[in-house]
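Some notes on the structure that comes next.
Values quoted throughout were computed directly from the atomic coordinates according to the rules given, and no laboratory measurement underlies them. Model, not experiment: these values are computed from the prediction. Here the Cβ positions follow ideal geometry from the backbone for every residue, glycine too, while neighbour counts run over all protein chains shown.
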Amino acid sequence: MADITKRSEDYSRWYQDVIAAAELAENSPVRGCMVIRPNGYAIWESMQRQLDDRFKELGHVNAYFPLLIPKSFLAKEAQHVEGFAKECAIVTHSRLMTVVRDGKVTVEPDPASKLEEELIIRPTSETVIWNQYRKWIMSYRDLPLLINQWANVMRWEMRTRLFLRTTEFLWQEGHTAHATAEEARAETLQMLECYRWFAEDILAMPVVCGAKTPRERFAGAVETFSIEAMMQDNKALQAGTSHDLGQNFARAFDVKFQDAAGGQDYVWATSWGASTRLIGALIMCHSDDNGLVLPPRIAQRKVVIVPIWRNDDERALVMAKAAELRAALRPVAGLVHVDDRDNMRPGWKYGEWERKGMPIRIELGPRDVAEDKCVLVTRHDGQKFPTPLAGLAEAVAGHLERMQSELYAAAVARRTANTHRLETWGEFLALYNGAGGFAHCHHCGQDACEAAIQDETKVTIRNIPLGTPNEAGACIRCGQPSGRRVLFAQSY
RNA sequence: CGGGGCGUAGCGCAGUCCGGUAGCGCACCUGGUUCGGGACCAGGGGGUCGGAGGUUCAAAUCCUCUCGCCCCGACCA
């Protein structure tokens, strides 16, 4: 087993090593695409289930729209096409033909099958969805329309990194239509709050909610909001976005409704998404030099029992007890895995479950069975707790809660320690030439100034945090007047 | 697309400068002894050395071209 590179040594190597060691994902034959292995997909399933339940509680329903979009659709919203045109995969033919080239049989697109209108593989689905909404929305009684879809999308990025940025990725995209601007804005903020809840309560990852600057706004949005998390290398990661689309897409796709008074207006839209990038965020927020660390609420399997034996009698004894415990833990920890492989010794299994991020490991041997106890080990801190079997379920439930809150607390503490209020450009440069982190600073709001900061330092305005008080100040870089602070960081 | 590194067994690597019948560790298979933090002994299987050309009696090694991966930058959820 290859060692995991230390975070302090090479952070991005560490990140890749953790993914490999925990068997989460690997590169595919197609550059930029990833194979999500069962351990990685289990995390995604857990994310899907919990987000989907929440979306439905908030009144949304799921639907599915096609992968392929007519090329012309993308051109209908001017900002939108500008934002996505450079990263679209295009379908041009509908079949292949075998040909012989230099004595070798190969396949090529059949020229006779060239499509009249080329198709785009969706980079996002606003256009197909709004094309359908035109047919579905006639009156205010059809509103609001609250639809989500779980799908894959493609964006042909130049440089990719497993989970953080892949050519194809999995996500959910909510697309809602409303009768008023106020209602659309409320929906946008409600879904931002939904992502905040998911990141903080489920992933134990603190985030900053805020509005994007115009330059960082989604292509076609009136306003974009994001949640921004801090990774262990002090860089920011945008972990979810929620967009107020105004009437832009309704105009582009001619989606009007009639109100109660008989007047006509374009509908107001939102869209919001979170992707498999969240898995990357999870890894970089909590994991350590021994491998993956998963907060219990997102771990599909939370407990593994490692039985220990020396002979068949002991094996029978310990396995019977393990089966009993498995049943007893079901209500508090879900499906418990009993690692009964007999071709490796316990020590090996301990290491393996640590790499894979299993929250709790229960060691159970003949001595334990004789004494009606076991050894319980929590992944995030490596602590061992001799635990009586009588109260095991309660103990496990307690440890799971403790892990969840300690992981969150540790992430908050790390973020607090690396978040600063800066007043001068010198301080700003010092921070980002050094440790980096989050910086709350005044900014003039000028796009050129924001661009200059990015050019000079790779630092961007992550967002303008919600609830930021008005406060007179001078722009961190140019000194022009500023009305409030914004959040700066280097980001993924 | 620019700069840097690298492609040899499933993984990690040596061998390349100086051409001569492909090796090491781990993993894997069989048998035995083991089993409370990464066991040990014995035996065994597995690679046309990223690909294509070329030079040569002979190429992992030299030459040309190509493909891919990783890191840094530009693009981005």
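Could you grab the Rg to Rh ratio for the range A:419-489? Cα atoms only, Kirkwood for Rh.
Dividing the radius of gyration by the Kirkwood radius yields 0.92.
Over chain A, what is the mean sequence separation of C-alpha contacts under 8 Å (at least six apart), divided by residue count, expressed as relative contact order in percent?
Normalised by residue count, the contact order of chain A is 13 percent.
Could you work out how far apart the two model spin labels at A:R367 and A:D201 are, taking each label as a point 7 Å from the Cα in the direction of the beta carbon, and quote it in nm?
Taking the simple label geometry, A:R367 and A:D201 are separated by 4.3 nm.
What is the spin-label model distance, in nm, from A:D313 to A:E183 if the labels are put 7 Å beyond Cα along the C-beta direction?
With each label point 7 Å from Cα toward Cβ, the separation is 7.5 nm.
With the contact rule set at Cα under 8 Å and sequence spacing of 6 or more, what percent relative contact order holds for the range A:48-203?
23 percent
Can you report the principal axis dimensions of the range A:303-399 using only the alpha carbons, biggest first, rounded to whole angstrom?
Per principal axis, max minus min of the Cα coordinates gives 33, 29, 22 Å.
Which length gain, in nm to one decimal place, applies between A:Q454 and A:D142 when the Cα-Cα distance is subtracted from 0.36 nm times their residue separation?
107.9 nm
In what order do A:D381, A:D53 fall by count of nearby beta-carbon atoms within 10 Å, going from fewest to most?
Listing A:D381, A:D53 from fewest to most nearby Cβ atoms yields A:D53, A:D381.
Applying 1/(1 + (r/R0)^6) with R0 = 22 Å to the Cβ-Cβ distance of A:M344 and A:E23, what FRET efficiency is obtained, to the nearest 0.05?
0.90
Just the Kirkwood number for chain A, please: inverse of mean 1/r across all distinct Cα pairs, in Å, one decimal.
25.3 Å
Calculate the spin-label point distance for A:E82 paired with A:V61, positioning each point 7 Å from the Cα along the beta-carbon direction, and give it in nanometres.
With each label placed 7 Å out from Cα toward Cβ, I get 3.7 nm.
Restricting to DSSP H runs of at least four residues, report the calculated mean residue ellipticity at 222 nm for chain A, -39500 (n - 2.57) per run over all residues, nearest 500 deg cm²/dmol.
-10500 deg cm²/dmol
List every DSSP H helix in chain A whose Cα atoms extend 27 Å or more along the helix's own long axis and whose mean Kyte-Doolittle hydropathy is at least -1.0.
A:312-333, A:392-417
The range A:68-122 to the range A:318-375: how many Å between their Cα centroids?
52 Å
Grab the Cα-Cα distance for A:A393 and A:Q48, subtract it from 0.36 nm times how many residues apart they are, and report the gain in nm with one decimal.
121.5 nm
If the chain between A:Q480 and A:C33 were fully stretched, how many nm would it gain, using 0.36 nm times the residue separation less the Cα-Cα distance?
156.5 nm
Which FRET efficiency, nearest 0.05, do A:E118 and A:A413 yield, Cβ-Cβ r, R0 56 Å?
0.60
Sequence gap at least 6, Cα distance under 8 Å: using those rules, report the relative contact order of the range A:1-96 to the nearest whole percent.
It comes to 11 percent, rounded to a whole number.
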